Amino acid sequence: MISDYFINQCLVTINEDGKGSPISKLILSILTTISEMGRNQIRERQLEGVKLGKEGCIYKSRLQES
């Protein structure tokens, strides 16, 4: 098991006995969800830019190596 210690926030993900506290699980799940949402937004903006680039003949996909 990997245990993380957030010193400034006084948060330990796993106690010495190997069990996680409910609060730390909640905080980690919230942070994971926020991170996933941010990544999805980046991907959406990237795909939108590629689409606009293809319409304007600016974007070209990578060349296929033979």
- Total residues in the range 22-66, condition polar (S, T, N, Q), modelled with pLDDT under 85 and part of a helix (DSSP H, G or I): 1
- Message: If V12 meets every condition in (1) touching a helix residue (DSSP H, G or I) at 6+ places or on another chain (Cβ under 7 Å); (2) modelled with pLDDT of 80 or more apart from one, which number is that one?
- Response: (2)
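The values are calculated or read from the model by the stated rules, or taken from the named source; none is laboratory data. Keep in mind it's a predicted model, so treat the numbers as computed, not measured. Here the Cβ is made from the backbone with ideal geometry for all residues, glycine too, and neighbour counts use every protein chain on show.
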